[in-house]
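Q: The following block contains the structure, expressed as structure tokens.
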Amino acid sequence: MSTPYHDVAALRAECEAAHIVHLVAAARAAGLRFRNGPTKADLIARLTNYPAMLSGTVAALRRIQRMDQTPKQPAPMPDWINDDDDAPVLPTPTLTPPVQPSTVPMDSSEYAKRQWAREEILAAEGRSTKRVDALQANVTGLAGEVKALQELRPVVFVLPNKPDPIKVDGLVHAQFSDLLIALSQGEHCMLVGGAGSGKTYASEQAAIILGRRYFKQPPASYTFEILGNMDSQGRYVRTATRDAIEFGGLICYDEADASSPDALLALNAVLDNSKFVAFPDGLIEKHPDFVAMVCTNTDGSGATMQYAGRQRQDGSTLDRVVMYHWEIDPRIETMMAAGNTEWLAVVRAVRKYVTNHDIQDVIATARATQKGSRLLHGGMDRAKVLERLLKRGALREAWTEVCTLPVVSNFLRG
């Protein structure tokens, strides 16, 4: 007797009365997909959500039950037992047409809401996230190693008047290549930058790379400190400028804006395009390898709140040089920190804070980065390092604000 398709209660009753083994096989034959080991109640609840599949399950269940109740036919006797007996006639098996899968679209939303499904999804997402994080960490680590190797890689400079490329080990300033081109062409240069930005060091590097003797001229108050003078015995007193012009080389006029304007006027004859310079003992021809670098903290316009002892420079002197604004190179400062990233972060945070708030009494230079790293490595107390290198002449209010910066507070707490 057939049961109407819509009589869900009757179909459920047949499923409940069936053996679990038969019910499992019938449900699979009807197209239901599930994991092994379900309970009968679970299967019936699932089938109830899909009436067409429930009907197909019951139909398959009836076929299975009929086959299970059909009496078994005795096996035919082998023909070799009695050749005189007629061979038994076996019943023709009836083939049951296969159950066609339901064409009703299956709604898997309820299936996905099962607890075990949620747990598997979360576990899979967790495993994927961990793998992605591990891969990302590996990529980040490799990128850091590549960057470190690139920074250690020798820097190669190709100059027009040098037959072979010039290799320099270690880091150089970001603008150093442009500076080297200008110097190699005989152009005198002026580096303008704050204290500790590496101006003097760049002049030393340039002299080494260009293969020239290095001279250094400190700030001068009088002209004779640059051009020399005749002593009481009538003998000429030489200067670094005279040696560089006569014998060739690179001369660095360090802290030039601390010199008096009258003294620096003597540089006009040194830095111009003429072939001779008038010294107290006569005209001296400029050597072909002579070149000058003028290093200043200001751009020639005079004293500032931070550099109060600087002088305004003559426009004719400034017109004779190629000017570079030489700021702190972050890569070089990182190298100067010697791996002490905490102290490096403190110096940079203080520098940014005092710049944004126009605090002139605190100077957080790259020198502070280098000196602080050395002192901390030697075992000096953190608070002492901070105060002795960054406080300087800061007012109490300004220094209190600096010490409350999160990076500084964390550094002091260790």
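The values are calculated or read from the model by the stated rules, or taken from the named source; none is laboratory data. What you are looking at is a predicted structure, and each value in this text was computed from that prediction instead of being measured. Cβ atoms come from the backbone with ideal geometry, glycine included; neighbour counts cover every protein chain shown.
Q: Looking at region 331-351, which of its residues are part of a helix (DSSP H, G or I) and farther than 19 Å from T200 by Cβ?
A: T334, T341, E342, W343, L344, A345, V346, V347, R348, A349, V350, R351
Q: Can L389 be described as without any contact (Cβ under 8 Å) to a residue 60 or more places away in the chain, assigned to a helix (DSSP H, G or I), over 30 Å from G300 (Cβ atoms) and not aromatic (F, W, Y)?
A: Here the answer is no, as L389 does not meet what is asked.
Q: Another question, then. Filter region 172-192 down to the residues that are surrounded by 18 or more Cβ atoms within 10 Å (Cβ to Cβ) and touching an Asp or Glu at 6+ places or on another chain (Cβ under 6 Å), then identify the one that is farthest from I363 (Cα to Cα).
A: The residue in question is H173.
Q: Would you mind finding the one in A349, A366 that is of a type in the set (A, V, I, L, M), within 30 Å of L271 (Cβ to Cβ) and not assigned by TED's automatic domain parsing to the domain that holds V172?
A: A366
Q: Do you know which of the residues in region 205-231 that are in contact with a Gly (Cβ under 6 Å, 6 or more places away or on another chain) and crowded, with 18+ Cβ neighbours inside 10 Å is nearest to V294 (Cα to Cα)?
A: Looking at residues that are in contact with a Gly (Cβ under 6 Å, 6 or more places away or on another chain) and crowded, with 18+ Cβ neighbours inside 10 Å, I get F215.
Q: Next question. Tell me, which residue of region 251-286 that is surrounded by fewer than 20 Cβ atoms within 10 Å (Cβ to Cβ) and hydroxyl-bearing (S, T, Y) is farthest from C189 (Cα to Cα)?
A: S260
Q: For the structure I just gave you, tell me whether G234 is outside the structural domain of A337 (by TED's automatic domain parsing), crowded, with 17+ Cβ neighbours inside 10 Å, modelled with pLDDT under 95 and not hydroxyl-bearing (S, T, Y).
A: No, not satisfied.
Q: Just checking, does region 204-219 include any residue being of a type in the set (G, A, S) and over 18 Å from H287 (Cα atoms)?
A: Within region 204-219 (the criterion being of a type in the set (G, A, S) and over 18 Å from H287 (Cα atoms)), the answer is no, since none of the residues qualifies.
Q: Among the residues of region 256-280 satisfying the criterion of being out of contact with any Lys or Arg (no Cβ under 9 Å at 6 or more places or on another chain) and assigned to a loop (DSSP other than H, G, I, E, B), which is nearest to Q306 (Cα to Cα)?
A: The residue in question is S259.
Q: Has region 327-341 got any residue that is closer than 30 Å to N268 by Cβ and in contact with a strand residue (DSSP E or B) (Cβ under 9 Å, 6 or more places away or on another chain)?
A: Looking for residues that are closer than 30 Å to N268 by Cβ and in contact with a strand residue (DSSP E or B) (Cβ under 9 Å, 6 or more places away or on another chain), one finds none in region 327-341, hence no.
Q: For N340, which of the numbered conditions (1) closer than 21 Å to A383 by Cα; (2) surrounded by fewer than 14 Cβ atoms within 10 Å (Cβ to Cβ); (3) of a type in the set (S, T, N, Q) fails to hold?
A: Among (1) closer than 21 Å to A383 by Cα; (2) surrounded by fewer than 14 Cβ atoms within 10 Å (Cβ to Cβ); (3) of a type in the set (S, T, N, Q), N340 violates only (2).
Q: Run F276 past the list (1) at negative phi; (2) under 40 Å from the mean Cα position of the chain (by Cα); (3) free of Cβ contacts under 8 Å to residues at least 40 places away in the same chain and report the number of the one that doesn't hold.
A: So the condition that F276 fails would be (2).
Q: Could you tell me which residue of region 309-318 is nearest to G194 (Cα to Cα), considering only residues that are assigned to a loop (DSSP other than H, G, I, E, B) and more than 41 Å from the chain's Cα centre (by Cα)?
A: Checked region 309-318; the qualifying residue nearest to G194 (Cα to Cα) is Q311.
Q: Of V350, V362, V385, which residue is at pLDDT below 85, in contact with a helix residue (DSSP H, G or I) (Cβ under 8 Å, 6 or more places away or on another chain) and not aromatic (F, W, Y)?
A: None of the other options fit; the residue is V362.
Q: Can you pull out every residue in region 6-24 that is surrounded by 12 or more Cβ atoms within 10 Å (Cβ to Cβ), touching a residue at least 24 places away in the same chain (Cβ under 8 Å) and not in a helix (DSSP H, G or I)?
A: Passing the criteria: only A18.
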